[in-house]
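Since the structure comes first, as structure tokens, the remarks are kept for the end.
Since every read-out is calculated from the coordinates, none of them should be taken as a lab result. For clarity, every value in this text was computed on a predicted model and none was experimentally measured. Cβ sites come from the backbone with ideal geometry, for glycine too, and all protein chains shown count toward neighbours.
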Amino acid sequence: MPTRVIIDTNVVVAGLRVRRAATGIRYSADVLARWRRGQLVGVMGPALLAEYHDVLRRPESEVAPESRAGLQAIIDDPARTEKHETEAPPYPRMSKDPGDDHLLALVRAASPDFLCTHDVEGLLDLHFYRNTLIVSPKVMHGIAAESELVEGALRRCGVCGAGGAEPERG
């Protein structure tokens, strides 16, 4: 089952700009690539969806047309994106930046596995909210890579039932 994650708009913007940016931003592009491949399921609420649409309306100097179309396709695909209703604004003040409180309202509504953000001052300081871990794209990349290693090892020894023999019972 794919990991369910709220992907903050700042990760999307950084991931879309990866061709023009320093190598440190590659982690944001990796998060978007995993989302595109269906390894992550994006979790969205009305406010986050509105922010994504603002990104899609940016000039071509900021967001290339192929990136714009690709992001829209992911957003529109119910297999890759869950859409949830949240409480109406104003949201309860839970973070240092009131502009981030809609993301925490989405955590309350959808209970995702992760909230992925670059927001060091506001969200990453929380570390977790409810049962959702709040992580940077770099940490999300490490978690995904480790998960792939474990799944591969389980497949090779037949524990997960994907292409291997049933484990011996003793």
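By average Cβ neighbour count within 10 Å, what is the ranking of 4-16, 42-54 from highest down? It would help to have the intermediate numbers written out before the result.
Working: 4-16: 22.6, 42-54: 18.2.
Going by the mean number of other Cβ atoms within 10 Å, highest first, we get 4-16, 42-54.
Residues of the stretch 75-96 with amide nitrogen under 20 Å from the 7 Å Cα-to-Cβ point of ALA50?
Residues passing the 20 Å test: 75-76, 82-96.
So between GLU60 and ASP76, what do we pick up on full extension, going 0.36 nm a residue minus the alpha carbon distance? Display every interim value, and only then the final one.
Details: separation 16, 0.36 × 16 = 5.76 nm, distance 2.09 nm.
Difference between extended and current length: 3.7 nm.
Order the peptides 87-95, 129-137 from the highest to the lowest mean number of other Cβ atoms within 10 Å of their residues.
Working: 87-95: 13.3, 129-137: 18.2.
Going by the mean number of other Cβ atoms within 10 Å, highest first, we get 129-137, 87-95.
Extension gain GLN39-ARG17, at 0.36 nm per residue separation less the Cα-Cα distance, in nm? Before the final figure, lay out each step's value.
On the way: separation 22, 0.36 × 22 = 7.92 nm, distance 2.12 nm.
Roughly 5.8 nm would be gained on extension.
For the stretch 3-138, take the alpha-carbon Rg, divide it by the Kirkwood Rh, and send me Rg/Rh. All intermediate terms of the calculation are to be shown ahead of the outcome.
Working: Rg = 14.0 Å, Rh = 14.9 Å.
My calculation of the ratio gives 0.94.
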